[in-house]
Structure formats: C-alpha cells, structure tokens
1. In the stretch 21-36, what residues are in contact with an Asp or Glu (Cβ under 7 Å, 6 or more places away or on another chain) and of a type outside the set (Phe, Trp, Tyr)?
2. Do the conditions hold for ILE66, that is, is it of a type in the set (Val, Ile, Thr) and loosely packed, with under 15 Cβ neighbours inside 10 Å?
3. Quick check on my filter: what residues within the stretch 1-58 are assigned to a loop (DSSP other than H, G, I, E, B) and exposed (fewer than 13 other Cβ atoms within 10 Å of the Cβ)?
4. Considering only the stretch 40-64, state which residues are within 17 Å of the chain's Cα centre (by Cα) and without any contact (Cβ under 8 Å) to a residue 24 or more places away in the chain.
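All of the numbers you see were taken from the coordinates with simple rules; none came from a lab. Just so it is clear, the model here is predicted, and its values are computed rather than measured. Every residue, glycine among them, receives a Cβ derived from its backbone with ideal geometry; neighbour counts consider all protein chains shown.
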Amino acid sequence: MPPEFDAILASDLPDLEKLTQAYQFILKEQIAIAQREIELQKALGDQEKMIKEKIKKGTIEYSASIFSFCFLPYI
C-alpha cells in the first residue's frame, strides 16, 4: 500500500477514525483510477469500455456516499 495509507493505520487516531480515513483514501484512489480509464477509453473511442468505467466510478462514488451517511452520526 502507499505510504499515506500506512501512515493512517500507524497513527494514534481512534480505530473508527482510522477506518474512515483508510476507506476514504482507497475510494479516492479508485475513483481517480476509474476517471483516468474513462479518459483513456474516450480517447481510444471505445464507448463500451468507457460506459463500463463510468458505471464502476458511479458505484464507487455511491458506496462512498453511503459510508459517509452511516458515519455522520458518529462525528
């Protein structure tokens, strides 16, 4: 894993905050990867793969919103 992720886990934060930050870090990374893949498929003209990546990115963003909604009562 990237050093930023390891730093989150090694921090003195409460476990719930570590989980939140680690999960958000992974989600942001995956969203960025999906966005780059969307741009690549658009440049290559592959509509089918581009649509699949857009769906994947949307699913990741939706899961992030669900997690945020569930976490809000604890902050």
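1. In the first step, residues of the stretch 21-36 are kept if they are in contact with an Asp or Glu (Cβ under 7 Å, 6 or more places away or on another chain); the result is 25, 31, 34.
Selection gives ILE31, ALA34.
2. Yes, satisfied.
3. Taking the stretch 1-58 first, the residues assigned to a loop (DSSP other than H, G, I, E, B) are 1-2, 11-14, 45-46.
Across the stretch 1-58, the qualifying residues are MET1, PRO2, SER11, ASP12, PRO14, GLY45.
4. The initial filter retains those residues of the stretch 40-64 that are within 17 Å of the chain's Cα centre (by Cα), namely 52-64.
Residues satisfying the conditions are LYS52, GLU53, LYS54, ILE55, LYS56, GLY58, THR59, TYR62.
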